[in-house]
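Single-structure report; data block below.
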Amino acid sequence: MPAPGINEGNYICQMKWIGLLAAMALVTACFFPWVFIESKNITITGIESTGTSFGKPGYFHFFLAAFYITFNFTPRIWAKRMNLLVTALNIGWAARNYFLISACAGGECPEKKVALYIILISSIVMLVTALFPKVKMQGSK
């Protein structure tokens, strides 16, 4: 329920802008450090993981964020449904990155950085905004 004095249509319409900010935060967080492995003196980001076998997990977030933004601003029901799939995949990928990259190995736990949490939070916000799209249905005023 929106706050008193706020039109419900405007409230839902603003959700797509909140989703856009979350997608931008997701993409930005991929460039910042996710974890620091002290024994190897390696800082892992979403696009730089030299010295590990993690690959470049941030690029898949870029791909999903591009589809999310496209579907978020497309005023079609099929786009809103596809957006749910995209955000579900994004949350799965973010959880995979969180558990895989921050996992302890060989008795050493990497130091988690703030950007790793931003990835998770922004992915959740993107899913919530995808759950409440503004779509004009046929026959409604």
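Got a sec to turn the phi values of region 90-107 into Karplus ³J(HN,Hα) couplings, 6.51 cos²θ - 1.76 cosθ + 1.60 with θ = phi - 60°, whole Hz, x for Gly and Pro?
Taking θ as phi minus 60°, the curve returns 5, 5, x, 5, 5, 5, 4, 5, 4, 6, 7, 6, 9, 6, 6, 9, x, x Hz for region 90-107.
Under a Cβ-Cβ cut-off of 14 Å, what is the net charge of the residues other than Leu127 that fall near it, where Lys and Arg count +1 and Asp and Glu count -1?
+3
In Å², what does the accessible area per residue of the chain work out to with a 1.4 Å probe?
I get 61 Å² per residue for this part.
Assign unit charges at the C-beta atoms only (+1 for Lys and Arg, -1 for Asp and Glu), then state the dipole size of the chain relative to its Cα centre in Debye, rounded to the nearest 20.
That gives a dipole near 680 debye.
What net charge is computed for the residues neighbouring Thr87, neighbours being all others with C-beta under 14 Å from the C-beta of Thr87, Lys and Arg scored +1, Asp and Glu -1?
So the surrounding residues net to +3.
Under a straight-distance cross-link criterion of Cα-Cα below 17 Å, which lysines are reachable from Lys80, leaving out those fewer than 8 residues away in the same chain?
Hits, sequence-local ones excluded: Lys16, Lys134, Lys136.
Please give me the summed charge of the neighbours of Thr70: other residues whose Cβ is under 14 Å from its Cβ, Lys and Arg +1, Asp and Glu -1.
Net charge around Thr70: +4.
Could you name the lysines whose alpha carbon sits less than 27 Å from that of Lys112, not counting residues in the same chain fewer than 8 places away?
Lys40, Lys56
Counting only residues 5 or more places away or on other chains, whose amide H sits under 5 Å from the amide H of Ile42 once H atoms are built in the peptide plane?
HN-HN under 5 Å from Ile42: Ile37.
Expected output is a single nm value to one decimal: the length gained when fully extending between Gln14 and Lys40, i.e. 0.36 nm times separation in residues minus the C-alpha distance. What is it?
Stretched out fully, the Gln14 to Lys40 stretch lengthens by 4.9 nm.
In percent, what relative contact order does region 18-141 have, based on Cα pairs under 8 Å that are 6 or more apart in sequence?
Dividing the mean separation by the residue count of region 18-141 yields 35 percent.
What is the percent carbon and sulfur in the accessible area of region 13-141, measuring with a 1.4 Å probe over the protein chains and ignoring ligands?
That fraction is 69 percent.
Suppose only helical runs count, i.e. DSSP H with n ≥ 4. What mean residue ellipticity at 222 nm does that imply for the chain under -39500 (n - 2.57) per run, divided by all residues and rounded to the nearest 500 deg cm²/dmol?
Calculated from helices alone, the mean residue ellipticity at 222 nm is -19500 deg cm²/dmol.
Could you state how much accessible area Cys104 has, in square angstrom rounded to the nearest 10, with a 1.4 Å probe and all protein chains kept in place?
So the heavy atoms of Cys104 present about 80 Å² to solvent.
From largest accessible area down, sort Thr28, Thr74, Thr50; use a 1.4 Å probe on the protein chains.
Output order, biggest surface exposure first: Thr50, Thr28, Thr74.
Lys/Arg Cβ at +1, Asp/Glu Cβ at -1, dipole of region 24-103 taken about the Cα centre: which of Phe60, Tyr98, Trp34 is farthest positive-ward?
It is Phe60.
Once phi is turned into ³J(HN,Hα) by the Karplus curve 6.51 cos²θ - 1.76 cosθ + 1.60 with θ = phi - 60°, what whole-Hz value does each residue of region 26-41 show in order, with x for glycine and proline?
Taking θ as phi minus 60°, the curve returns 4, 5, 5, 5, 5, 8, 9, x, 9, 9, 10, 9, 5, 5, 9, 6 Hz for region 26-41.
The values are calculated or read from the model by the stated rules, or taken from the named source; none is laboratory data. Note that the structure is predicted; figures quoted are calculated from it, not measured. Cβ sites come from the backbone with ideal geometry, for glycine too, and all protein chains shown count toward neighbours. Ligands, DNA and RNA are excluded from the accessible area calculation, which covers all protein heavy atoms including side chains. Shrake-Rupley method; radii C 1.70, N 1.55, O 1.52, S 1.80 Å.
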